[in-house]
Structure formats: structure tokens, C-alpha cells
2 protein chains.
Amino acid sequence: MDAETVDKPKRRSGGRAGRVAVRTAPLADNLRPVRAGMSGGQYSPLSEANVLRIHEAALDALETIGLSQAPPSGVEILTGAGALLGEDGRIRFPRALVEDMLSVAKKDVVLMGRDPVHDLDLSGTRVHYGTAGAAVHVVDIENREYRESTAQDLYDAARITHALDNVHFFQRALVARDVVDNFEMDINTLYACCGGTSKHVGTSFSDPSHVAGCMEMLHMIAGGEEAWRARPFVSNTNCFVVPPMKFAEESCITMEHCIRAGMPVLLLSAGQAGATAPAPLATAIVQAVAECLAGVVYVNAMAPGHPAVFGTWPFVSDLRTGAMSGGSGEQALLSAGCAQMHRFYGLPGGAAAGIADSKLPDMQAGWEQAISNTMAGLSGLNMVYEAVGMHASLLGFCMESLVLGDDLLGQVLRCVRGIDVTEDSVSLEAMRQVCLEGPGHYLGHPQTLSLMQTEYIYPAVADRTSPKEWAEIGKPDLIQKAIARKNRILEQSTKPLFDPATDAAIREAFNIYL
Amino acid sequence: MDAETVDKPKRRSGGRAGRVAVRTAPLADNLRPVRAGMSGGQYSPLSEANVLRIHEAALDALETIGLSQAPPSGVEILTGAGALLGEDGRIRFPRALVEDMLSVAKKDVVLMGRDPVHDLDLSGTRVHYGTAGAAVHVVDIENREYRESTAQDLYDAARITHALDNVHFFQRALVARDVVDNFEMDINTLYACCGGTSKHVGTSFSDPSHVAGCMEMLHMIAGGEEAWRARPFVSNTNCFVVPPMKFAEESCITMEHCIRAGMPVLLLSAGQAGATAPAPLATAIVQAVAECLAGVVYVNAMAPGHPAVFGTWPFVSDLRTGAMSGGSGEQALLSAGCAQMHRFYGLPGGAAAGIADSKLPDMQAGWEQAISNTMAGLSGLNMVYEAVGMHASLLGFCMESLVLGDDLLGQVLRCVRGIDVTEDSVSLEAMRQVCLEGPGHYLGHPQTLSLMQTEYIYPAVADRTSPKEWAEIGKPDLIQKAIARKNRILEQSTKPLFDPATDAAIREAFNIYL
């Protein structure tokens, strides 16, 4: 589907090489074994009774503890809907208010790509993987160094993501630290993201006052405000709370601006178990759910049915040091548990998975990224954020890891797809032929050949050679292969994905660093 | 619990280093956050209806296709129980016979360690991870080479496994290729395994005639036949079928000998989807289940209630080349699907997971090992074989990967343990204190401190430092750290785990290479 085809071996006639070549030719989209939006949900970390206990505790927390620090506009919106402002300045939420707003909240959210082929349908347990985060470093793999991230890095990450089948959206993954002015940073972030990919983009704004200018640029990209509002292709990652149980005043105001501008919001509660959230995993989920429910009330009191993602993103502390450990098993459980709460509410949900604590794309990074991404997918998490490229517990972004993550996520998506049990697949016809009449094996059986491309997925970079073949081809190094694929992708993506007139107009109106 | 304690930082008084030291001191066994035999089953790759369809198809296959090539003794045992020998030489199994034998089959199997602390209770969805396989190479990581495996390698792998908390049993993982005579190979395999670890050992015999001599040695190790029969600490990995649907004559005879000798058997059906098993994952499971059900009939017709593990081990082909791909997502699904069938039958079950296709312990190996091990654990697989150290789709065993696998499996076990939802963990008391009265964070809260060791698990080798700390300590390389841990373990394990008199007697009776 995407440009990069250099990976595929050249087709030769006959023999195994020819068979390999044929089997690796691109497949029609409807035949591909995996795609965006496959349905998970085969894994339930919580029993139904425990889901209810968490729900009840969250309602209790909203009713009795509530949230402090709402901005004046938020106080007006929330109390107008029936929330109560206490003498202690905290806003408390009667359970009936929460339940009413849950029934109003939009369930069938589609996050749009600039190209509709990349639209993300967040209904049910459909699973999508993408980038996210605010890494301040890029992992320079060749020099084994962490260096400051730049606007060019962000653009590169967007371009690479655009070429990767198994990375479905591009949320700003790293900070353009070379852009000094904060407004210009927000502008250049959007430019780099949308210039690099036509997949759905997520971003945040460093100040409420920046929204208007950024919307101006998005209208230019969309071809006018009406076109933007018809298909908003950027969502606002909004940290509207500072856990535990406090609104983030400025972010709330930014959220209000975004809602008025027709931008979907990600209601992001990013507590850290053992630090800004309770240490027991279940209570960390309770707090995240309570905070996001407050966000649901906020959004729907202001604009009923406005598209919002329930963004319970509880993180984990290494309790020995207090430092974050995004690569831990506890993190994988938290995100999967949250996914189950999203299913319970029937709301589109998102959480973080795929974070590595490792500084480099090594074996540790492989297992850290795989465990949480697998559990997120199997639990039916609609939006798996930070799923690729993230190292050092979100402090570093690694382009080679992003490339390798495409293979990792392809494999995970195959697992999410699951085991097809159909009339055909439990028919004993092939077994009968092979055992009673045939050659005693299934190689070359028509059933085998027909499933080769549609049921089995093959990695782009990962190696499946035998030790002998591997030695013969010079013992290729995984990281070197990832670097090569990265370079091929970047070489083939020669300019921003804007038409030249729009690009010129944007550059006229704003200070674009790229 | 085990000897190796050098990993733990030295205790210093006060400050963060002191806190880190305290929190990494060994925990009492009942307080450890993870242990052998945690219950999985939160993940169900198959719907209940599809489990039944697979079961019905397997019964149908047994009734209409049956298995060929039973040895004369097997024909007698099976037809004596009610199976039918056809004119085509195939043995077919009426469904009532299978159902009868399922009700006779032993459900509550305990595979014993030589040290009872390592006993494995295979009831319910209890999960255990261990080694297995027959690798013919050892990965020489420092020279980036595959070299021939030896008896010493097997002994080293056993000794390392003995020191790893999260590797629960040691099935022969590699072939002692330096032992030329086949009987001596079987003897030396047992010697190396049992000499290296007192955890449960699994092995196979290359010829039925070797069982008697090997039993002689096991009786010596146990302290007599009676002691052996009371606590058999070795099980027989028995490939009693050659898929599709053929008995392996010699292995069946070996199995009969082992059963008479009181040795538990692993009924191993190792088809390869797309080659010796059907390409559709569901039908590959059908065939494996059918073959293992035939094994259940065989075992229980001969010795009702003899301990046996239902070893559906379907593997996966890369259909482009026909080569095995143990690291694939399809493999992870097959093993998890099999685990669900074991649950359905209520029988102790085993399958393969954790195999890497990668030749080295790199990022690819990390994700390949993690995805299938995670899914195996969450699906409640009792015995997860080949879970650590296996590379090149079982052709190479890597000691450093075994060491790293201990961290990987610790993390997976944490996920299998799941999210505790208790009265305490959904109590809002801590949240109330922190938000309404307290410091606004949970750091240092008594609840946080109390959960530090019992709810959170910390890796032994994997790195969680910040980029700054990581640079300060010289950017440690994961593989170098694994080599160091491996060497520490091997240095501390100075002699075989036999009392000197027994060791001398064994060496007197057999040609021991070590």
C-alpha cells in the first residue's frame, strides 16, 4: 500500500526463491492477514465482579473526594450540569450526573486520517497501534548516545510511520527542542507531523492561546474550516488532570478551545502508581477511571457527544527508586485493566503500552515492548499509544526501534486476529486426503498454498534463516538491517505531504523550521 | 532461595541506595510477587463453541481416520480396550472409548523435583515455565557463532536453570553431541541434567532398550527403586506420534517401558502446520488434539491413571520456505489455543512457547520469546516448554539468553498473577488521605511501602536507569551483563548435585563424560 517496496526480493522464475518472491508480493488490502482495527478482547484481566467494584469505587471517589483546581470556566460548565462546588474548592460529581453523561458520550468515534484510508474506527474492541509521548532525546544508535530531539527528528519519525503498515497513527512522539518559541514549537510540531504522514495525528498545545493559530494552519492544510470540521485529522492529547484528582487549569481551557474548534480530544489521565496514583494496581485504575469520568462529564456538559477518547494512562513507578518503569509487567497489567474498563463503559479508550525501559533496541526492549503491546491488543484497547520507538521509559525515541516495532506489531496483530474456526478450518477433508490417500504431508496441498498469504504474516526486517543460511549471508545484524530500512524509507519520502501552494502559504504565514 | 546473591547491591545505610538495597533483599517465598504455579486462564483464544467444534472434529478424526503404525504391543493394548484395527492397518477409536479413557486419565498430576520445593502442581490453570528441545548448537555469543553442543553445555544449562527463580523445570534442551554412543548419550544426558539441578527433569530415550539402564542410574540417584517410584523426578518426553496420524513404533515401546518403570510421560505430538499438520491453525490444533487423545487412550488402557502430560505441540512453518518458525505469532496462537483445549479436558497440558527464530539474543528474540510466553501464561498452559534460551527455531541454545529469559519470565509471571482486586485495593482510604489531608502524592505512603516487595517484581539483569545514570555507569551492555551473571552462577555451582558416594557409584557403573 505504501511506497516502500525495496524490501521485497526480486521475482525470479521457478524454485524456492521464486515461490518466496511471489508470496512476499503486496496483497490486496482486504486479503492482508492483519490490518488496523482488528478486534481484541479475548483477554480479560479483571473478572466482571471486579470491573463493577472498580466502577463503584470510581463513582465513590468522584462523589466524596472530587477534583480540585477547575478553571472558572470549568466550574461554570460542571456546576451548570449538576456537579457540586464544595467549600474546599473541590468539585464533586453525583453518581447520577456521571451516569447521565456516560449515556450522552459518543460511543462510535472515528479518528480520521487526512487520507480516509487511514481512518480509525474506535468502536467495540478494535485495536490500533501508534506512537505518542514527549521524548526529549533521540537515540543515536550508531554512536550509542542520547541526543536532544529536533523538529527534523519529528518529521523523520512521521515519515517512517507513514510507511509502516502496522503503525496506524502518529501522535507527537518527541519534542522539537530546537524550536525555542513555544507557539512556534506547537506550529512546527503540527507541520512536521502532518507533513510526514496522512495518518491520524495527535498533538498537544503548550498554551491555550496557541490553539487559534494552530487551527489557522490546520484549516489551510484541510482546505478551509468547513473541510477541517467535516474530517478533523488531528486530535488534542489533553492532560486535563494532574493526578491525584486535580484539574490542570490551563489544559482544561485548551480543551475547551479544541472542542469549540471541532477537534477530538484525548482525555488523558497520566498518574504514576506509587507516586501520583495509588500503588495497588486496582486502585491506580480506580483513580484513572474517576479522573477520566470527570473528563467525560466536562466534555459532554460543554458539547454533548463531542468525540473524546477515554485516556486512562496510569504509569508505574519502580518503587525502589520512584522512577517510572514503563517497560514493567505491572504497566502491562494497568493498561490491559484499563482497556477492560473502556469495554465496560462502551467508550473508545486509549492507554499506553510498548514502552521500553531499556536505553537501546536490545533484547530487553524487545520483551518489554512485546509483553505490554500483546496484552493491550488482546484486551481490546482501541488506541494503543506509545506502542513503538519509546525507550528509557519515554525519555528517548529511537527510529530503528520504530522500524523494528513494525515487525513486532505485525506479529502482535496476528495474535489479536486470533484463530479462525470456520466450517473450512475444522473440516477433516484435507486431513483425510493426506492421511488416507495422499503423500502423508501437507506441503503443497491446495489448502496450504491458499492460506500462505492470507493467514500467515511475514516480517520485513526480522530474520528467519537457519544458522547455515545466516552464516552464508554474513550473519546480518538486526540493527543494521533496521538502519537500512529506515534509510530506504526516508530516501523515498522526498517532500512534505502538502500540495506546493498550501506549503508555500503555510511557510508565508508561519515560521517553519524544516 | 538459590545460591546466587552477588547480584544484589551491597546494603548501605540511609538514602536511596539503602532503600534500594533493602528492597532487593531476598523475600520469604510466600511473599514473593511471583512463583511457580501461578494461575493463568484470563485469556481465551477460542470461544466455548469453537472449543467444542475442535473437540468434535478431533473425535471424528480418531473415529474415521485413526492412526497407523502402532507396534504389535500397542495394537494389543489398544484393541484390548476397544479400539478397532482396520484392514488398512489403521487403528480407529470409537468416541465412547475416548470419553471413557478421558474419565480415567489422571487430572491432578504433580511433576516432582528431586527437591520437593521444586514440585510442579499441574492442576487447574497453574503455569510453569522451563526449558526443552534438542538443540544441536550452542550460541557462542562472544564469537557470534553456532558451535556443536556438548555434555558440558547441557550440564551448564542445568546449573544455570537451577539458579533462576523463574525457570521452573529443566527438560533436556540440547543434545550432548560429543557423546558418540547412543546409550551413553542418554545416560550422560540424565547425569548432566540431574547433576545440574534438583528441579524436575525431562528427557527422552533414543532407543527402547536404553530405558532399563537409565532407570538403573535413576534408582541410584533416588536411593533405590522404591524411593524413585515414590517421587519420580524425571519425566519422559515421548514423541509417540509422527504426525499426521501415525504412531512412532519405537517411541511407543519406550513409552510402555517408562510407564512400567513408574516414569511420568509427556505425550508429545509435534506436527508442523503446513508441513506435517494442516495449515489452518484450527485444524492443526484438531490434529494435535486427536493424536494426544490417542495417547491418552494408549496410556490409560495400559495403566489407568498413569501420570501423563497432554503434549499438543503444534509448530508453525514459514509457508514461503517450509522452514519452521517457532518465533511467529501463529505459533503463539497455536500454543495458547492448545492450552484452552487442555483446560476443556481438565488434563495437565504442555506446549511450546518462547522460541526465537532470531539467531542471537537481540530485540527480535526479545519480542519473539515474550509474545508466545505471555500468551501461553495468560491462557493457563500448565507446562510451557522451550520457554527460555531457544534460538534459530530450536536449532541453537544460548546460555546468555537463558539468563535474560529469567527476567523476561519474571515479568510474564507478574502478568499471569494479574491485578489483585481486594477490599484493600479498592479502598479509597489512601486516596482520601492523600487528596484531602496529605501531601498530594503517594510516595512514602505506608500502603506504597508495604506493596513494594510483594506486588512489584524487579529484574536481575535488565536495566531501568535514566539515560543520565546509564551514561554515568558506562552505558552497560545487556549481553555483557548476562555473560557476567552466567559466569557468577557457574562459578558458584562447583560440583554435581549428588552425594559423593552416589556420584562415585554412578561413575563406576557408567561412562560419565563430565
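Every number in this text was worked out from the coordinates using simple rules, so none of it is lab data. Nothing here was measured: the structure is a model prediction, and the numbers come from that model. We place every Cβ from the backbone using ideal geometry, glycine too, and count neighbours over all the protein chains shown.
Details
- Derived scalar couplings ³J(HN,Hα) [region A:497-510; Karplus, 6.51 cos²θ - 1.76 cosθ + 1.60; whole Hz; x for Gly, Pro]: 7, 10, 6, x, 5, 4, 4, 5, 5, 4, 5, 5, 7, 10
- Angle of helix B:478-492 to the longest C-alpha principal axis of chain B, folded into 0 to 90 degrees and rounded to 10: 80°.
- The phi-based Karplus calculation (6.51 cos²θ - 1.76 cosθ + 1.60; θ = phi - 60°) puts the 3J(HN,Hα) values of region A:293-308 at 4, 4, x, 4, 5, 4, 4, 7, 5, 7, 8, x, x, 5, x, 9 Hz, whole numbers, x for Gly and Pro.
- Listed peptides B:121-128, B:269-276, A:242-249 by packing density, highest first (mean Cβ within 10 Å): B:269-276, A:242-249, B:121-128
- Extended-chain gain in nm, criterion 0.36 nm per residue less alpha-carbon gap, A:Glu48 and A:Glu472: 147.2 nm
- If R0 is taken as 25 Å, the Cβ-Cβ distance between B:Ser209 and B:Arg147 corresponds to a FRET efficiency of 0.20.
- For B:Val316, the residues whose amide H sits under 5 Å from its own are B:Ala273, B:Ser325, ignoring neighbours fewer than 5 places away on the same chain, with H placed 1.01 Å from N.
- Segment A:Leu449-A:Ala134, length gained on full extension (0.36 nm per residue, minus Cα span): 108.9 nm
- Close amide-amide hydrogen proximity is noted between B:Gly311 and B:Leu267, B:Ser269, B:Gly350, each under 5 Å apart and 5 or more residues distant or on a separate chain (H modeled in the peptide plane; Pro and chain starts excluded).
- Label point at B:Asp424 placed 7 Å out along Cα→Cβ; residues across region A:271-301 whose backbone nitrogen lies under 15 Å: A:279-284
- Placing a label point 7 Å from the Cα of B:Asn143 along the Cα-to-Cβ direction, the distances to the matching points in the other copies come to 3.5 nm, shortest first.
- Solution diffusion estimate, µm²/s, Stokes-Einstein, region A:214-316, Kirkwood Rh from C-alpha pairs, 37 °C, viscosity 0.692 mPa s: 231
- A:Arg231-B:Leu84 pseudo-label distance in nm [points 7 Å out on the Cα-to-Cβ vector]: 6.4
- A point 7 Å from Cα along Cα→Cβ stands in for A:Thr422, and the other copies hold the same point at 4.8 nm, listed in rising order.
- By definition, a body whose alpha carbon gyration tensor gives a ≥ b ≥ c is prolate when a/c is 1.5 or more and a/b is larger than b/c, and the protein assembly as shown fits this prolate description.
- Under 30 Å of direct C-alpha separation, and excluding same-chain neighbours fewer than eight residues apart, B:Lys107 reaches these lysines: B:Lys199, B:Lys246.
- Closest approach to the axis - chain A beta-carbon, rotation onto B, Å: A:Gly366, 1
- Mean residue ellipticity at 222 nm, helices only, the protein assembly as shown: -13500 deg cm²/dmol; runs of at least 4 DSSP H residues each add -39,500 (n - 2.57), and the sum is divided by the number of residues.
- If you plug the beta carbon distance of A:Asp60 and B:Ser39 into 1/(1 + (r/R0)^6) with R0 = 45 Å, you get a FRET efficiency near 0.95.
- For region B:318-398, diffusion coefficient by Stokes-Einstein and Kirkwood Rh (Cα), 37 °C, 0.692 mPa s, µm²/s: 263
- The angle separating the long axis of helix B:151-163 from the principal Cα axis of greatest extent in chain B is about 50 degrees.
- Anisotropy class of region A:138-293 from Cα gyration tensor, a/c 1.5 cut: oblate
- Exam field: B:Thr79 pseudo-label spacings to other copies (7 Å along Cα-Cβ), nanometres: 9.2
- Taking 0.36 nm per residue of separation and subtracting the current Cα-Cα distance, fully stretching the chain between A:Leu102 and A:Asp121 would add 4.9 nm.
- Mean separation of Cα contacts under 8 Å, 6 or more apart, over the residue count of chain A: relative contact order %: 19
- In order through region B:108-122: 3J(HN,Hα) via Karplus (6.51 cos²θ - 1.76 cosθ + 1.60), integer Hz, x for Gly, Pro: 9, 7, 10, 8, 8, x, 5, 9, x, 4, 9, 4, 10, 8, 8
- Amide H contacts of A:Met38 (H built 1.01 Å from N, in plane; Pro and chain starts excluded): A:Val127 sit under 5 Å, all sequence-distant by 5 or more or on other chains.
- Estimated FRET transfer efficiency when R0 is 51 angstrom, pair B:Asn487-B:Leu436 (beta carbons, to 0.05): 0.45
- Cα gyration tensor shape for region A:103-417, rounded if a/c is under 1.5, else prolate or oblate: rounded
- Order of B:Arg172, A:Arg260, A:Arg53 under a 10 Å beta carbon neighbour criterion, fewest first: A:Arg260, A:Arg53, B:Arg172
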